[in-house]
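Report on the structure given below.
The values are calculated or read from the model by the stated rules, or taken from the named source; none is laboratory data. Since this is a predicted model, take the numbers as computed values, not measurements. Every residue, glycine among them, receives a Cβ derived from its backbone with ideal geometry; neighbour counts consider all protein chains shown.
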Amino acid sequence: MPPKFGTSGLRGLVTELTDDLVADYTRAFLTACPHGGSVHVGQDLRASSPRIAAAVIAAVRAMGLRAVDHGVLPTPALALASMGAGQAAIMVTGSHIPADRNGLKFYLPGGEIAKSDEVAIGAALGSGSVSAEMGAFVQDVGAVSAYVARYVDAFGADAVKGLRIGVYEHSSVARDALADALFSMGAEVVRLARADHFIPVDTEAVDADTREMLKGWCAGHALDALVSTDGDADRPMVVDARGTLVPGDVLGPLVAQMLGADMICTPVSSNTLVDQLGFGSVVRTKIGSPFVIAAMEEAGGKVVGYEANGGFLLGFEAEGPAGTLATLMTRDCLLPIVAPLAMARAKGVSLAELVSDLPPRFTAADRIAGIATEASKAFIADLTDTAEARAAFFADRAAETGIDLTDGLRVSFADGSVIHLRPSGNAPEFRCYAEAETAARAEVLMRETLEAVAKRLG
């Protein structure tokens, strides 16, 4: 399958992301979209990323534009730097998908590209022109420090004072930034499992072995919490002292409460507990940050966005405990890590106790890899066609009470449970989300549903 745009940028096999193809997409982006005269370039820790980043930089310079090389850094740190300069950016990353794949994330001077920009970039492929004069090349090593300072300044030096926090480093580009930020806010930091090869960590679908590993670390190191991110650090992972993962669509409402947001924009797959927390309105979107951003821009005001994977978008200038947080309209990992920990400390409770005060709605999510997108779409179309087809597939469930076709197929049942099925937007995977009144029930529903899907599509 050739590289294509999904829910979060261009993705494809490393073998197909040739220098010529990367250069073509770079030229198309700079032809179709505003760039402010410079392009900021970053990369994750995949073995293929340096080569792809070099191809991006060469293509930028060949068009006579200035290339700013930030090297390895978190995606939100790159976006913060480029947006602050009013210039474009390209991040070389495949996010959480396996190391045999990679991709490009494109940023306009004002933030992430929209779906309409993706169409324009596709139309411009093959039409970009080179300049007679080579563009300048500069290196910037200050973006990560500025990104860390953004949160230290807003939350203060005592925000998580006295907490013992583990950082699961693996191959996250934020592993040093995370440790630096938490230490600067008063935490005792325990750094764990730094890897010298790429590990595809999906914060929305953490496997059982990893969960047990995290739980063991929490107990063995007497941690108050354990945190991490996906590969390019636009999605957080937060684990409480008991070793229980706190889902991204639970972190999101907590951050929104702390910052005093009035409006929430979040995908249809997110936990419905947010609807019970008294926000002015909750807008549901298709899955993917471009859809969340579009809804946020339409809403205006004190609006925030988040996804079930935990990525958080701040749409207004907010006040933290110690200072101001400027708008950052791209998925971020650090804010949904720091804010709930700071909230819990300020209230004198554990992270688990903070979460337990929320309405009792629990989600579980996972995926089946190696399922062609076309097969996934055909299967979901069959279920969508008739209530009889759904009744047959969900034969052991409670009666169906409604469906939502915003993105894939989301089915609600009489016992309050929800099952949401959809193809992945950026990989040959089939995803399942489940929601129920207990965490155990949500996990069972998700696993049973994926087993049934595997039998149909395997």
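Looking only at residues in region 330-350 that are outside any helix (DSSP H, G or I), out of contact with any Ser or Thr (no Cβ under 6 Å at 6 or more places or on another chain) and modelled with pLDDT of 95 or more, the one that is surrounded by the most Cβ atoms within 10 Å (Cβ to Cβ) is Asp332.
Got a sec? Which of Gly71, Gly42 is outside the structural domain of Phe198 (by TED's automatic domain parsing) and either within 15 Å of Ile113 (Cβ to Cβ) or surrounded by fewer than 18 Cβ atoms within 10 Å (Cβ to Cβ) (or both)?
Working: Gly42 fails: either within 15 Å of Ile113 (Cβ to Cβ) or surrounded by fewer than 18 Cβ atoms within 10 Å (Cβ to Cβ) (or both).
So the residue among Gly71, Gly42 that is outside the structural domain of Phe198 (by TED's automatic domain parsing) and either within 15 Å of Ile113 (Cβ to Cβ) or surrounded by fewer than 18 Cβ atoms within 10 Å (Cβ to Cβ) (or both) is Gly71.
Would you pick out the residues in region 146-189 that are within 12 Å of Val338 (Cα to Cα) and hydroxyl-bearing (Ser, Thr, Tyr)? Of everything in region 146-189, those that are within 12 Å of Val338 (Cα to Cα) and hydroxyl-bearing (Ser, Thr, Tyr) turn out to be Tyr151, Ser184.
Listed here are the residues, each with its yes/no results for (1) of a type in the set (A, V, I, L, M); (2) under 24 Å from the mean Cα position of the chain (by Cα).
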| site | (1), (2) |
| --- | --- |
| Phe137 | no, no |
| Lys161 | no, no |
| Ala177 | yes, yes |
| Asp202 | no, yes |
| Asp207 | no, yes |
| Leu214 | yes, yes |
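From the list Asp44, Asp20, Asp100, Asp69, which one is among the charged types (D, E, K, R) and touching a helix residue (DSSP H, G or I) at 6+ places or on another chain (Cβ under 7 Å)? Being among the charged types (D, E, K, R) and touching a helix residue (DSSP H, G or I) at 6+ places or on another chain (Cβ under 7 Å) holds for just one of Asp44, Asp20, Asp100, Asp69, which is Asp69. The residue that is surrounded by the fewest Cβ atoms within 10 Å (Cβ to Cβ), among those in region 102-122 that are part of a strand (DSSP E or B) and under 17 Å from the mean Cα position of the chain (by Cα), is Gly111.
Pick out the one residue from Ala58, Ala32, Ala62 that is hydrophobic (A, V, I, L, M, F, W, C) and free of Cβ contacts under 8 Å to residues at least 40 places away in the same chain. Step through it out loud before you land on a result.
On the way: Ala32 fails: free of Cβ contacts under 8 Å to residues at least 40 places away in the same chain; Ala62 fails: free of Cβ contacts under 8 Å to residues at least 40 places away in the same chain.
When all the criteria are applied, what remains is Ala58.
Residues being more than 29 Å from Arg447 (Cα to Cα), modelled with pLDDT of 95 or more and buried (at least 23 other Cβ atoms within 10 Å of the Cβ) are represented in region 187-197 by at least one member.
Only one residue in Ser145, Ser116, Ser129, Ser171 is out of contact with any strand residue (DSSP E or B) (no Cβ under 7 Å at 6 or more places or on another chain) and under 20 Å from Trp217 (Cα atoms), so which one is that? Answer to the check: Ser171. Beta carbons closer than 9 Å, at least 6 apart along the sequence or on distinct chains, never pair a first residue in region 406-435 that is in the same structural domain as Leu10 (by TED's automatic domain parsing) and touching a residue at least 40 places away in the same chain (Cβ under 8 Å) with a second that is in a loop (DSSP other than H, G, I, E, B) and buried (at least 20 other Cβ atoms within 10 Å of the Cβ).
Every listed requirement among (1) surrounded by 23 or more Cβ atoms within 10 Å (Cβ to Cβ); (2) in contact with a Ser or Thr (Cβ under 7 Å, 6 or more places away or on another chain); (3) part of a strand (DSSP E or B) is met by Asp234 save one, (3).
Could we say that Ala261 is among the small types (Gly, Ala, Ser), surrounded by fewer than 19 Cβ atoms within 10 Å (Cβ to Cβ), farther than 21 Å from Thr229 by Cα and at pLDDT 95 or above here?
Values: among the small types (Gly, Ala, Ser): yes; surrounded by fewer than 19 Cβ atoms within 10 Å (Cβ to Cβ): no; farther than 21 Å from Thr229 by Cα: yes; at pLDDT 95 or above: yes.
Answer is no for this residue.
Give the residue, chosen from Ala81, Ala99, Ala114, Ala55, that is modelled with pLDDT under 95 and farther than 22 Å from Gly288 by Cβ.
Details: Ala81 fails: modelled with pLDDT under 95; Ala114 fails: farther than 22 Å from Gly288 by Cβ; Ala55 fails: modelled with pLDDT under 95.
Exactly one residue qualifies, and that residue is Ala99.
When we screen Ala364, Ala387, Ala369, Ala454 for residues that are within 21 Å of the chain's Cα centre (by Cα), over 24 Å from Asp275 (Cβ atoms) and among the aliphatic types (A, V, I, L, M), the only hit is Ala369.
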